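Enquirer: The structure's right below; bear with me while I get my questions together.
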Amino acid sequence: MTGETIRWENDAGEVSLLDQTALPGRVRRIRCRDVERLAVAIRRLEIRGAPALGVAGAFGVALAAARSRERELTRFLADVAEAAELLCSTRPTAVNLSWGIDRVLSRVRAARSIEEGRRVALAEAKSVAEEDALTCRRIGDQGAALLPDRCTVLTHCNAGALATSDWGTALGVVRSAVAMGKDVRVVACETRPLLQGARLTAWELSRDGIPVTVIVDSAAASLMQSGEVDCVIVGADRIARDAVFNKVGTYMHAVCACHHGIPFYVAAPHSTFDPGSTAADIIVEERKGEEIRFRGNEKMVPDGAGVRNPAFDATPLALVTAIITEDGILRPPYDLTAAGKRRQRR
Ligand code: MRU
């Protein structure tokens, strides 16, 4: 449902989002009245997923413009730019975040008055959100053609409606295939440590009546070995010239899929492409060790042991069977130049 994940509340001039840390236990919305609260929501993963972060960044700039108390244009622009920097600093890996922020910021910078700045910021942010929903439909329709009439798709993390404005990227392909009448079942890897697969993918698919089974991440290889997986489809946080960055664990699924001759697909919009960078240039977010040390209040790791908590990993493009975009399906050898240009044109 467009606007469920994140939307602008016209009446109050606020950004409202579905709290993804509370799912599946509680369905509740968070109202962000200022950019600082939105930045906290992004850091806490109350809103998450690359395209949804692009929308959040876009609405964040509109919120900063709406809330700025400056009465002089230059100071107003400086105020909005500072808010944009704060938003940009929240999470480093998904390129959509800075893409959404820059798209709105460039419109504000061209404004000739504060009023105009506020107006164009909100209009552009709403376009980012609406276009994302349409883009996901197109990704879904492109990708659905790749799926057999009956199949089991393994996915990792959540690349669904919750990670976008609507429909999803990887789960958009599943939804479109189901809408075409295909019999698709999903295996959702739980996605340690924050369980986006178990909590979010399983929640949104079961709500739509799409059969979904949750497994622990480490069970994926044996399911592939026993022929229970027909293909893997994941989303992406950034597609560099040589690698796809996505939730940590994606790389291991790609290696296993390659070993077992199972197609490994990445579904992502052009806003996720970063062909000017290689894997070595990308900052992989390292999250707090507490996410691994504790389950609720219960200690899982003894104090004397260290923990590492990288949030993403890099899957070499050599392991990717195809990249499903809104404009078509890319196959190896990958030339990302055209996709990168489309990203800039928007
Ligand atoms: O840390 P998260 O939950 O923001 O990570 C999200 C992912 O890794 C998704 O797979 C990716 O953003 C694609 S979402 C369409």
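No lab work stands behind these numbers, since they all come straight from the coordinates. Note that the structure is a prediction, hence the values are computed from the model and not measured. For neighbour counting, all protein chains shown are included, and Cβ atoms are generated from backbone atoms with ideal geometry for every residue, glycine included.
Enquirer: Among 98, 68, 271, determine the one that fluctuates most according to a GNM of the chain built with springs between C-alpha atoms less than 10 Å apart.
Expert: Highest fluctuation of the listed residues: 68.
Enquirer: Also, quick follow-up: Helix 170-179 sits at what angle to the longest principal axis of the chain, using alpha carbons and giving 0 to 90 degrees rounded to 10?
Expert: Compared with the principal axis, the helix lies near 70 degrees.
Enquirer: Helix 50-67 versus the longest principal axis of the chain: what angle, 0 to 90°, nearest 10, using Cα atoms?
Expert: Helix 50-67 sits roughly 10 degrees off the main axis of the chain.
Enquirer: Another one. Could you check what % of the DSSP bridge pairs in the chain are antiparallel, to the nearest 5?
Expert: 50
Enquirer: Here's a follow-up. How do the peptides 166-177, 102-113 rank, highest first, by the average count of neighbouring beta carbon atoms within 10 Å per residue?
Expert: In descending order of packing, they fall as 166-177, 102-113.
Enquirer: If you take the C-alpha gyration tensor of region 6-137, multiply each eigenvalue by 5 and take the square root, what semi-axes do you get, largest first, in whole Å?
Expert: One finds semi-axes of 24, 15, 14 Å for region 6-137.
Enquirer: While we're looking at this one, here's another question. Is the shape of region 140-345 rounded, prolate or oblate, going by the alpha carbon gyration tensor and its root eigenvalues a ≥ b ≥ c, with a/c under 1.5 for rounded and a/b larger than b/c for prolate?
Expert: Oblate.
Enquirer: Another question, if that's okay. Viscosity 1.306 mPa s, temperature 10 °C: what is the translational diffusion coefficient of region 138-188 from Stokes-Einstein with a Kirkwood Rh over Cα pairs, rounded to a whole number of µm²/s?
Expert: Translational diffusion coefficient: 150 µm²/s.
Enquirer: Another one. Can you give me the C-alpha center-to-center distance between region 23-55 and region 284-331, rounded to a whole angstrom?
Expert: So the separation of the two Cα centres works out to 19 Å.
Enquirer: Using +1 at the C-beta of Lys and Arg and -1 at the C-beta of Asp and Glu, which of 98, 269, 323 has the Cα lying farthest in the positive direction of the dipole of the chain?
Expert: Looking along the dipole axis, the top candidate is 98.
Enquirer: With the dipole of the chain worked out from charges on the C-beta (+1 for Lys and Arg, -1 for Asp and Glu) around the Cα centre, which of 145, 83, 296 lies farthest toward the positive end?
Expert: Result: 83, furthest along the dipole toward the positive end.
Enquirer: Hey, another quick one. Would you please classify the overall shape of region 1-40 from the alpha carbon gyration tensor, given that a ≥ b ≥ c denote the square roots of the eigenvalues, rounded means a/c under 1.5, and beyond that prolate means a/b larger than b/c while oblate covers the rest?
Expert: Note, shape of region 1-40 comes out oblate.
Enquirer: Something else: How long are the three semi-axes of the equivalent ellipsoid of region 248-293, in whole Å, if each is the root of 5 times an eigenvalue of the C-alpha gyration tensor, listed from largest down?
Expert: 23, 20, 11
Enquirer: For region 13-25, just list the computed ³J(HN,Hα) in residue order, Karplus coefficients 6.51, -1.76 and 1.60, θ = phi - 60°, integers in Hz, with x standing in for Gly and Pro.
Expert: x, 10, 9, 10, 9, 6, 6, 7, 7, 8, 6, x, x
Enquirer: Oh, and also: Mind checking which aspartates and glutamates have their Cα closer than 16 Å to the Cα of residue 299? Skip sequence neighbours fewer than 8 apart in that chain.
Expert: The qualifying aspartates and glutamates are 290, 291.
Enquirer: In debye, nearest 20, what is the charge dipole magnitude of the chain about its Cα centre with +1 on Lys and Arg Cβ and -1 on Asp and Glu Cβ, if you could check?
Expert: 420
Enquirer: Oh, and also: For the chain, which semi-axes, largest first and in whole Å, follow from the square roots of 5 times the eigenvalues of its Cα gyration tensor?
Expert: Value: 33, 23, 19 Å, ordered largest first.
Enquirer: Please work out how much length the chain gains when fully extended from residue 71 to residue 318, using 0.36 nm per residue of separation minus the C-alpha to C-alpha distance, in nm with one decimal.
Expert: Result for the pair: 83.6 nm of gain on full extension.
Enquirer: Rounded to the nearest 500, what is the chain's calculated 222 nm mean residue ellipticity when only DSSP H runs of at least 4 contribute -39500 (n - 2.57) each, over all residues?
Expert: Helix-only estimate at 222 nm: -12000 deg cm²/dmol.
Enquirer: How would you rank 300, 224, 180, going from fewest to most other Cβ atoms within 10 Å of each one's own Cβ?
Expert: Placing the least packed residue first, the sequence is 300, 180, 224.
Enquirer: Fewest Cβ neighbours within 10 Å first, please rank 274, 11, 313, 34 accordingly.
Expert: 11, 34, 313, 274
Enquirer: How do 299, 341, 182 line up, fewest other C-beta atoms within 10 Å first?
Expert: Ranked by crowding around the Cβ, least crowded first: 299, 341, 182.
Enquirer: Right, another one. Which ³J(HN,Hα) values, rounded to whole Hz and listed in residue order, are derived for region 270-280 from phi using the Karplus coefficients 6.51, -1.76 and 1.60 in 6.51 cos²θ - 1.76 cosθ + 1.60 with θ = phi - 60°, glycine and proline given as x?
Expert: Whole-Hz 3J(HN,Hα) from phi for region 270-280: 4, 5, 8, 7, 9, x, x, 10, 10, 3, 5.
Enquirer: Taking the Cα atoms only, what angle lies between the long axis of helix 114-144 and the longest principal axis of the chain, rounded to 10 degrees?
Expert: Approximately 10 degrees, to the nearest 10.
Enquirer: While we're on this one: Suppose a student asked you for the relative contact order of the chain, using Cα pairs under 8 Å spaced at least 6 residues apart; what percent would you report?
Expert: Here the relative contact order equals 16 percent.
Enquirer: Treating the beta-carbon of each Lys and Arg as +1 and of each Asp and Glu as -1, no other charges, what is the dipole magnitude of region 6-137 about its Cα centre, to the nearest 20 debye?
Expert: 300
Enquirer: Please list the non-local residues whose amide H lies under 5 Å from the amide H of residue 243, H modeled 1.01 Å from N, same-chain partners needing a gap of 5 or more.
Expert: It is 279, 317, by chain and number.
Enquirer: A further question on this structure: With +1 on the Cβ of every Lys and Arg and -1 on the Cβ of every Asp and Glu, and nothing else charged, how large is the dipole of region 215-346 about its Cα centre, in debye rounded to the nearest 20?
Expert: Taking the Cα centre of region 215-346 as origin, the dipole is about 380 debye.
Enquirer: Ordered by residue, what ³J(HN,Hα) values in Hz, to whole numbers, does region 240-254 give under the Karplus form 6.51 cos²θ - 1.76 cosθ + 1.60, where θ = phi - 60° and Gly and Pro are x?
Expert: Calculated HN-Hα couplings, in order: 8, 4, 10, 7, 9, 8, 8, 3, 3, x, 4, 4, 5, 5, 5 Hz.
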